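Participant: Structure below; questions to follow.
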Amino acid sequence: MNNGWWRSGEPWIWLTAAAVSISVVVVGALLSLIAVRGLGHFWPKAVMEVNYAVDLKNPNNTVRLIGEIREIESVPSTRVPEIKTEGEWLTRYLIKTGNRDHLGLDFRWIWEAQLSQTPSYPENIIAVERREWGNFYGYLLAIKENGQIVSEGENAWTDLSERLKRVLTLHQETVHIEKFEIGKINYELEQLRLYQRRLELANAYDAVKQAEIAQDKTELEHSYRQLADTLVIRYQDMQRDSLVAQIMDGREVEIPLSKIVRVYQPNAMSLVEKSGFYLTKVGEFLWDDPREANTEGGIFPAIFGTVMMVFIMSIIVTPFGVIAAVYLREYAKQGFLTRTIRVAVNNLAGVPAVVYGVFGLGFFVYFIGGTLDQIFYPEVLPAPTFGTPGLIWASLTLAILTVPVVIVSTEEGLSRIPSSIREGSLALGATKAETLWRTILPMASPAIMTGLILAIARAAGEVAPLMLVGVVKLAPSLVVDANYPFLHLERKFMHLGFHIYDVGFQSPNVEAARPLVYATALLLVAVIIILNLTAIAIRNHLREKYKALETV
Amino acid sequence: MNNLITSTLNQPNVIRHRKWRMIKDRIAKHSMTFGGISIIIAIVLIFFYLLYVVLPLLLPASMKEIQAFPIPLKEYGETVYLAIEEKNVLGLRITEHAQAIFFQTRDGKIVLERSLLPKEIKVTSFAMANAGSHVLAFGLQDGRALVIKPVFKITYEGDLRVITPEIVYPMGEEPLTIDDRGQALTHLDVQLGDEENTLIAVTADNRLLFSGFTKTVSFFDESVNIEKVNSELALQQAKIEHLLLEKGQKTLYVADDKGQIWHIDVTDKTAPQILQRVRVVPAGLKITALEFLTGDISLLVGDSEGRISQWFLVRDEKNNQVLTKIREFHEQDQAITSISSEERRKGFLATDAGGKLGLYHSTAHESILQVSISAGPLTRAVISPRADTALIEDKEGLLKVWHIENRHPEVSLSSLWGKVWYESHEQPKYIWQSSAANSDFEPKFSLTPLMFGTLKGAFYAMLIAIPLAILGALYTAYFMSPSMRKLVKPTIEIMEALPTVILGFLAGLWLAPIVETHLPGVFALLIFLPLGVLGFAYLWQFVPKQHWVSEGWHSAVLIPVIILLSWAAFATGHSLEILLFGGDMRQWLTDQGIDFDQRNALVVGIAMGLAIIPCIFSITEDAIFSVPKHLTSGSLALGATPWQTMIRIVILTASPGIFSAVMIGIGRAVGETMIVLMATGNTAIMDFNIFEGLRTLSANIAVEMPESEVNSTHYRLLFLSGLVLFIFTFFFNTLAEIVRQRLRRKYSSL
């Protein structure tokens, strides 16, 4: 080889350049992987029909298969000795057949060699999203009303959408009654019970109070019964219609419309229809509650929980971080001690997040929460109110976790402000507090903003400590609702990051849940990258500004 | 003019205003100082709180006497059994003549006394089933036996707790016939199960009797029907001193007067088999106490010189169960008179003839406490179900109640960090297994495998991250064109902000299956990338000169090359597999004796490596970028090539910065939780194999903390793991910070 070239060090420069390229390629690949998988999830996929041999040794014994191709994989043919082939690679498909209640499983791996024909995509296959048991695929045969067939064949499809619309409206009403109206009554009944217990503990539960409580209770129970009656009627109404469809093994299956979220003919949809469908699905993803152990539906509670947690955390962390930074930079005597404190604060940012979780659980939840319960909520004991993981503790823990970020950033901002500005203000007769409040802090506000944004970005992505101090896989109610005091700081909440962990790894049906996890991951990544870019932009803007100041 | 100003300034409202401003200033100063200091204290509190929770693990146990009173109704005869109930309110003494005396532990006042057998029937032996069951039996002179069970019923009258003692007869009030020949039973042991019940006895004419009683309850009238099977074994010369039947009623241990233990299989009551006879105490000594540790797996043997040894059955190479000595305690120097096992932990206490009481824990191999209770010998002692009170009887006729403060006996240096021989294991091992299905379970709290897993994960992550991050930083800081640097730096820094839960999810669900399928491809990549890049670089010099590339755009040119090379590596990976590994690398690895898990250290290394690249990258890059320009210019001016300048000048000057970057990287890798949690199987193993999983301290905390009972040993140990992580990362970060500050000072002086 060319000796001079080798000695010039040129090859090594190329190697170091390769390290950068690899890192960039990996970042790009990761982000695009998440983006493609996450965004692709909502696009309606074609549903194919094909015959395949269940047993490779008996190719004539075929079975009909209806489903979506979810994944295509290449496997070295040497690993599959039972398939005779010339090629080096074998292809296999992961097919989502849906109909979990009828077929037992809703996914199956099939070798290309098993297919006995090219797949067809009949336009009249319907895909049904159900409230239970996952998706359904099949051919629509008829519509029934109260058990009587009312339409068949072509008419059935046109008839279906009308009837489905009716059921969906009814469903919305019942959900409203169940969730809000009955939920409110239950909440009030519980409050009444606690009130009674409180009186008992204080030995003030006398005849007057007894009568009062009893009366309130009867009223609540009365309205509860009324609502329950309405619900029964609504439910009966919803049960009226059902559809009959044929599934892949030829069986005819009846599905009550009340169990259906959406019906569509994926193979018959035009591009425009598909786009519309896509947008609806994205909307559902962002605004709906999860269904089926979080594997279907939306992630609204997780988005809401994350936002609330971060919001409360910001309210706590900003003043704390700013006060500590101002103290360190403006008031404390600069010396060995402040330097040590600065190093310590800096290093706390590097302490593993899960350690903060441990601290939060022990100190906030069990110690402070437990004490609060004993003082303020004796009537609820032994059931804990604040003595259990919840929103407030998660926010506090993350505030402690992120306060170093805010301190460091604010301090940096303060140190960038030329001392001439401080001196000018003091020379004009302002006190130190006034200087701080009127000039220094406003000038440092972009730095504080940067610190806060970085803190938020970190908090939004942190999962490990939250697993210990308040996150749950499925929260029965949001932390904000229509019942006094509206914001329930003691409640557990859902979180995007934990949702990814839980659905991806703890879900009973990982295969079905996977696309949703990609979508959730995409959302989280997008939010965090946007936050970080904002922080970087503010930081750069800030630097420019002070550069200008220094030259004045 | 001057006067005007002064007079304006001295107007009362102006003065007031000025005063008010001064006060505000002072308030602001004090509140800022107070607030600042308290926030800093609050942050530091984390460390002290962790320490505060961990500390009880290190506190020594203590015992103190609460009460001493004469043995209740001493005139009734010697004690054969002592017990104390759950709440430590009532005690029970059973005499050699089968009288039960319930008394208050507060003052020895008698609550209830009962004769369990008519006066004319003479009791010749006594037996106690395992400590938790409270089943007792008396062997009688006529070859019969009576099984009883003292029960403490707890009822509430309002807020007042009432404990009522009672005696029940699980096998009926009529004694069961054990010896058909009617010989007196000199030794006895009993175990009751749901249906199967066993009584073992030695008769006056030295026969060993095995009796199985099957109790069936009729469905029709709920009448109890007892069926008996039995057999016997003549013992000839041997003189039996202790009988011990484990609660599974399958194994019997018999101790004779020569210091030997016989291990007898009694699965079939009609055909017992002597499997082994082993000497358990040094020659010339006697077995003075023999008791099971809770769970009935381990035998505790006390000898006449104060030694206590633990034995259990260990499977040998020939698959035989052999009674093996596991560990020994020799803290007492007089004959052990009694051993009482804790009901819910693997601890026990022992009394000796010298008036001393010892408190031990078997798993921790620790003699926790030695207390002198009285001057004369102690005859027996019993520990309460919650292991917080001991009832001790001495020869002089006093019964003493001692309070025991011993919350975390499981923890010792050897049980946390050393190899421990756990029950039912073939040899000493490092195991972390904290979950307990029942109280018989021996918690295995070895932090070593978790520590090992933590370091293993960090090691493989650093293996990936260090070369990529440092080489990349060298190029970015020194060779890259400024306009490209402006793009590349934020791109890599964005990766730092990427939530680790996403990396973990991709690693576990996307990368792990790919690595499994394309294992040879992954390794081919390691060879293809450097060689391919070098080859491309060699060819590049023949391309007509492209000045913009040599001005720092190498990376951009390489991006398509890298993508192409990766594709090539994966495409040819399989051909290599056929060539080198017979077509299936996984199978080949298994044949070589290397285990393969899908979620393994390789996947963790890649994912965690990616997570820490940005952190190492940006610190290194900063360090290199801020190397003073005059150093490099000087070197270049003297004719060194850019690469020589890089190696000889830049890297040397910036090496402390690179070092601190690596330290911070290690700190992050050690504490990373979500990636490890999701990308490995979380098995706590001690194997450095890259194809097997691991369990780290942090993932362990995340998994087990929510289920851990507050203030239990497990809870405190998880806090200890947290503290270890805290100290570890804090140490590395501080080190890095100090090095960096030094470096900064050095640069500024250059």
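Participant: Please verify whether segment A:295-309 includes one or more residues that are under 20 Å from the mean Cα position of the chain (by Cα), on the phi > 0 side of the Ramachandran plot, surrounded by fewer than 21 Cβ atoms within 10 Å (Cβ to Cβ) and more than 8 Å from every other protein chain (Cβ to nearest Cβ).
Facilitator: Taking every residue of segment A:295-309 in turn, at least one turns out to be under 20 Å from the mean Cα position of the chain (by Cα), on the phi > 0 side of the Ramachandran plot, surrounded by fewer than 21 Cβ atoms within 10 Å (Cβ to Cβ) and more than 8 Å from every other protein chain (Cβ to nearest Cβ).
Participant: Report yes if some residue within segment A:84-91 is in contact with a helix residue (DSSP H, G or I) (Cβ under 9 Å, 6 or more places away or on another chain), within 28 Å of residue B:515 (Cβ to Cβ) and in contact (Cβ under 8 Å) with a residue 40 or more places away in the chain; otherwise report no.
Facilitator: no
Participant: Any residue that is acidic (Asp, Glu), in contact with a Gly (Cβ under 8 Å, 6 or more places away or on another chain) and open to solvent by 20 Å² or more (accessible area, probe 1.4 Å) - is there at least one of those in segment B:575-595?
Facilitator: The answer is no; no qualifying residue exists.
Participant: Go through segment A:237-263 and give me each residue that's out of contact with any Asp or Glu (no Cβ under 9 Å at 6 or more places or on another chain), under 13 Å from residue A:166 (Cβ atoms) and open to solvent by less than 60 Å² (accessible area, probe 1.4 Å).
Facilitator: Selection gives A:238 alone.
Participant: Another question, then. Residue pairs, Cβ under 9 Å, 6 or more apart or interchain, first in segment A:471-486 and within 13 Å of residue A:391 (Cβ to Cβ), second of a type outside the set (A, V, I, L, M, F, W, C) and open to solvent by 100 Å² or more (accessible area, probe 1.4 Å). List them.
Facilitator: A:477/A:179
Participant: Right, here's the next one. Does segment B:115-155 hold any residues that are farther than 25 Å from residue B:344 by Cβ and among the β-branched types (Val, Ile, Thr), and which are they?
Facilitator: Selection gives B:121, B:123, B:124.
Participant: Looking at segment B:270-284 only, could you name the residues that are under 39 Å from the mean Cα position of the chain (by Cα) and assigned to a loop (DSSP other than H, G, I, E, B)?
Facilitator: Correct list: B:272, B:280, B:281, B:282, B:283.
Participant: Quick one: which helices (runs of 4 or more DSSP H) sit completely within segment B:486-569 and have at least 1 residues that are closer than 30 Å to residue B:583 by Cα, more than 7 Å from chain A (Cβ to nearest Cβ) and among the aromatic types (Phe, Trp, Tyr)?
Facilitator: It comes to B:519-540.
Participant: So is residue B:192 open to solvent by 20 Å² or more (accessible area, probe 1.4 Å), out of contact with any Gly (no Cβ under 6 Å at 6 or more places or on another chain) and touching a residue at least 40 places away in the same chain (Cβ under 8 Å) or not?
Facilitator: Taking the combined requirement at face value, the residue satisfies it.
Participant: Oh, and also: Looking at residue A:391 and the list (1) within 13 Å of chain B (Cβ to nearest Cβ); (2) open to solvent by less than 10 Å² (accessible area, probe 1.4 Å), which single condition is not satisfied?
Facilitator: Every condition holds for residue A:391 apart from (1).
Participant: Which of the residues belonging to segment B:28-47 are at the interface with chain A (Cβ under 8 Å from one of its Cβ atoms) and open to solvent by 90 Å² or more (accessible area, probe 1.4 Å)?
Facilitator: Passing the criteria: only B:29.
Participant: I need a count of the residues in segment B:149-178 that are in contact with a strand residue (DSSP E or B) (Cβ under 7 Å, 6 or more places away or on another chain), aliphatic (A, V, I, L, M) and within 15 Å of residue B:89 (Cβ to Cβ).
Facilitator: 4
Participant: Which of the helices (runs of 4 or more DSSP H) found entirely inside segment A:1-117 contain at least 2 residues meeting this: open to solvent by less than 20 Å² (accessible area, probe 1.4 Å) and facing chain B (nearest Cβ under 8 Å)?
Facilitator: A:10-40
Participant: Name the residues in segment B:700-712 that are out of contact with any Ser or Thr (no Cβ under 7 Å at 6 or more places or on another chain), open to solvent by 10 Å² or more (accessible area, probe 1.4 Å) and not in a loop (DSSP other than H, G, I, E, B), would you?
Facilitator: B:703, B:706, B:707
Participant: I'd like the full set of residues that are more than 9 Å from every other protein chain (Cβ to nearest Cβ), more than 38 Å from the chain's Cα centre (by Cα) and among the hydrophobic types (A, V, I, L, M, F, W, C), limited to segment B:626-685.
Facilitator: B:627, B:631, B:636, B:637, B:638, B:640, B:649, B:650, B:651, B:652, B:654 - these are the residues of segment B:626-685 that are more than 9 Å from every other protein chain (Cβ to nearest Cβ), more than 38 Å from the chain's Cα centre (by Cα) and among the hydrophobic types (A, V, I, L, M, F, W, C).
Participant: What's the total number of residues in segment A:363-384 that are open to solvent by 20 Å² or more (accessible area, probe 1.4 Å) and not in a helix (DSSP H, G or I)?
Facilitator: The qualifying residues number 7.
Participant: State the number of residues belonging to segment A:463-485 that are under 20 Å from the mean Cα position of the chain (by Cα), more than 18 Å from residue B:704 (Cα to Cα) and either facing another protein chain (nearest Cβ under 10 Å) or open to solvent by less than 30 Å² (accessible area, probe 1.4 Å) (or both).
Facilitator: 2
Participant: Tell me which residues, restricted to segment A:317-341, are surrounded by 20 or more Cβ atoms within 10 Å (Cβ to Cβ) and more than 7 Å from chain B (Cβ to nearest Cβ).
Facilitator: Passing the criteria: A:317, A:321, A:322, A:325, A:329.
Participant: A follow-up question, please. So which of B:738, B:727 is assigned to a helix (DSSP H, G or I) and facing another protein chain (nearest Cβ under 8 Å)?
Facilitator: Of the residues listed, the single one that is assigned to a helix (DSSP H, G or I) and facing another protein chain (nearest Cβ under 8 Å) is B:738.
Participant: Out of B:590, B:645, which single residue is hydroxyl-bearing (Ser, Thr, Tyr), under 22 Å from residue B:516 (Cβ atoms), in a helix (DSSP H, G or I) and in contact with a Phe, Trp or Tyr (Cβ under 9 Å, 6 or more places away or on another chain)?
Facilitator: Criteria check complete, one pass: B:590.
Participant: Then there's this: So which strands (runs of 3 or more DSSP E) are wholly in segment B:200-267 and hold at least 1 residues that are more than 30 Å from residue B:282 (Cβ to Cβ)?
Facilitator: Fully inside segment B:200-267 and qualifying: B:207-217, B:224-234.
Participant: Can you name every residue in segment A:264-279 that is assigned to a helix (DSSP H, G or I) and either surrounded by 18 or more Cβ atoms within 10 Å (Cβ to Cβ) or not aliphatic (A, V, I, L, M) (or both)?
Facilitator: A:266, A:267, A:273, A:274, A:275, A:276, A:277, A:278, listed by residue number.
Participant: Oh, and also: Only residues that are touching a Phe, Trp or Tyr at 6+ places or on another chain (Cβ under 7 Å) and at negative phi: list them for segment A:437-471, please.
Facilitator: A:463, A:465, A:466, A:467, A:469, A:471 - these are the residues of segment A:437-471 that are touching a Phe, Trp or Tyr at 6+ places or on another chain (Cβ under 7 Å) and at negative phi.
Participant: Here's another thing I want to ask about it. Here is a list of conditions, (1) modelled with pLDDT under 90; (2) surrounded by 14 or more Cβ atoms within 10 Å (Cβ to Cβ), and residue B:101 meets all of them except one; can you say which number that is?
Facilitator: Only one criterion is unmet by residue B:101, namely (1).
Participant: A follow-up question, please. Give segment B:1-26 a look and list any residue that's within 8 Å of chain A (Cβ to nearest Cβ) and either open to solvent by 70 Å² or more (accessible area, probe 1.4 Å) or at pLDDT below 85 (or both), or say none.
Facilitator: Matches in segment B:1-26: B:22, B:24.
Participant: Something else about it: Suppose we keep only residues that are open to solvent by less than 30 Å² (accessible area, probe 1.4 Å) and among the hydrophobic types (A, V, I, L, M, F, W, C) within segment B:616-625. Which one would you say is nearest to the other protein chains (Cβ to nearest Cβ)?
Facilitator: B:617
Participant: With more than 13 Å from chain B (Cβ to nearest Cβ) and in contact (Cβ under 8 Å) with a residue 40 or more places away in the chain as the only criterion, which of A:443, A:449 stands out?
Facilitator: Of A:443, A:449, the one residue that is more than 13 Å from chain B (Cβ to nearest Cβ) and in contact (Cβ under 8 Å) with a residue 40 or more places away in the chain is A:449.
The values are calculated or read from the model by the stated rules, or taken from the named source; none is laboratory data. Predicted, not measured: the structure shown is a model, and the values here were computed from it. Backbone-built Cβ (ideal geometry, glycine too); neighbour counts: all protein chains shown. Side chains included, ligands, DNA and RNA excluded: accessible areas come from the protein's heavy atoms. Shrake-Rupley method; radii C 1.70, N 1.55, O 1.52, S 1.80 Å.
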